[in-house]
Amino acid sequence: MSIRDVYIVDAVRTPVGKFGGALATVRPDDLAAHVVRSLVDRTPELDPARIDDVYFGDANGAGEDNRDVARMAVLLAGLPVSVPGVTVNRLCGSGLEAVIQAARAIAVGDASIAVAGGVESMSRAPWVVQKPERAFPAGHQQMYSTTLGWRMTNPQLPAQWTVPLGEGAELIADKHGITREQQDAFALDSHRKAAEAWAKGLYDSEVVPYDDVDLVRDECIRESSTMEALSRLKPAFRTDGSVTAGNASPLNDGAAALLLVDEEGLRATGRDPLARIRSSAVTGIEPQLFGLGPVEAVRRALAKAGREFGDLTTFELNEAFAAQSLGCLAEWPGLDPAVVNPRGGAIAIGHPLGASGARLAGAVAHQLAAAGSGTGLAALCIGVGQGLALVLER
């Protein structure tokens, strides 16, 4: 069996909304349907019935995104009922996992045309209550927020594995000697680059605002932020710590989707591809050091592609925390930091968990298309200790 080339024909995303912000009134299945419909509408030569499958990442799945949000997106988007959909969960890497799974299906001939993406509404993530072990309990029951992080933790897991995500970032800052000032400067640069990219129209080709919502650009970008303002924020996880709300990604809502095809599917779209998928890799690490998960995943993905850091035209690294991003960069001495997140990262743009990986893959594809040629990479750290990476070429 020969392995087929897999191409990204197009990629779209919503503007990323802030927690409780403009997109908080929109259900996650509606966000997912919006990017699927927008993606299909941008390729009018493609008969939607030819889509073999729709893969969507979703990190929560506890609320309105339950019951296979990928399939719900297909139905709500008005695609033929013959188009199936599957939802995947690799936490923060879910959207990129969806892209990789769709690409794998195409590569081995199980599909010719697929949609892959991700969605998350952290604003609408519900509170949940465990079912009591015995009927009719007389006491109070604990309610858990499903917005972010550990909940209903298995007591058999070692305590050091289940620390809060922000404490994990503090551990990386300790490990690499990353200062508060370095983290704040990294965060400020993320906002600056994102604001400049929007001002130059660099996101116009990929962002599709949601109808009837007054949001045309990412809602969390603070172009007026300063080092002085960031320095006034209190540490969020340790009283003497360095991780703050200002040098970490916010809570967000959003969705993203990509159109993937083989050679036959490419002819059916009547379009030129943005990029070709070259390789991917996933790795594991100690859960408390989850932020360093991309380190080995990136190395393996590049090795599979026969590429090195010096070959990269662009690299979208998810900025869960400034300390986490800086820790990864410290372990890649051959990487030029100038190619990393050239249009801003998640600290400014936002991190809607299940959507972020698809946003990164789409961003790399659009940047390679704008450059005309090159090698790009998308990577994320993942809670509970994993890393995921994807190499694209044009």
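The values are calculated or read from the model by the stated rules, or taken from the named source; none is laboratory data. A quick note: this is a predicted structure, and the numbers were derived from the prediction, not measured. So basically every Cβ, Gly included, is an ideal-geometry build from the backbone, and we count neighbours across all protein chains shown. We work out accessible area using only protein heavy atoms, side chains counted, and drop any ligands, DNA or RNA first. Shrake-Rupley method; radii C 1.70, N 1.55, O 1.52, S 1.80 Å.
Numbers for the structure displayed
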item	result
Cross-link reach list, lysines versus Lys200, counting only Cα pairs under 27 Å and skipping chain neighbours closer than eight places	Lys18
Gyration tensor (Cα) of segment 128-227, equivalent ellipsoid semi-axes in angstrom	39, 25, 11
Additional length obtainable on full extension of the chain from Asn89 to Lys175, 0.36 nm per residue less Cα span	28.0 nm
Expected 222 nm ellipticity per residue - DSSP helices of 4 or more, -39500 (n - 2.57), all of the chain, to 500	-9500 deg cm²/dmol
Residues of type aspartates and glutamates that Lys304 reaches as a straight line, Cα spacing below 18 Å, ignoring anything fewer than 8 places off in the same chain	Asp5, Glu97, Glu296, Glu393
Efficiency of FRET from Cβ geometry, Trp150 and Arg192, R₀ 41 Å, rounded to 0.05	0.80
Residues of segment 199-295: accessible area per residue with a 1.4 Å probe, Å²	47
Ranked packing of 380-389, 176-185, most packed first, by mean Cβ within 10 Å	380-389, 176-185
Among 34-42, 361-369, 93-101, 46-54, the order from most to least packed when residues are scored by Cβ within 10 Å on average	93-101, 361-369, 34-42, 46-54
Label point distance in nm, Thr239-Trp161, each placed 7 Å from Cα along Cα→Cβ	3.1
Net charge of neighbours whose Cβ lies under 13 Å from the Cβ of Leu251, counting Lys and Arg as +1 and Asp and Glu as -1	-1
Among 252-261, 273-282, 127-136, the order from most to least packed when residues are scored by Cβ within 10 Å on average	252-261, 273-282, 127-136
Apportionment of accessible area to carbon and sulfur, the chain, percent (1.4 Å)	51
Radius 14 Å from Cβ of Asp29, net charge of other residues (Lys, Arg +1; Asp, Glu -1)	-2
Whole-number percent relative contact order across segment 216-363, with pairs defined as alpha carbons under 8 Å at least 6 apart	34
Whole-number accessible area per residue in Å² for segment 320-392, which is evaluated in the context of all protein chains at 1.4 Å	18
Relative contact order (%) - criterion: Cα under 8 Å, at least six apart; region: the chain	28
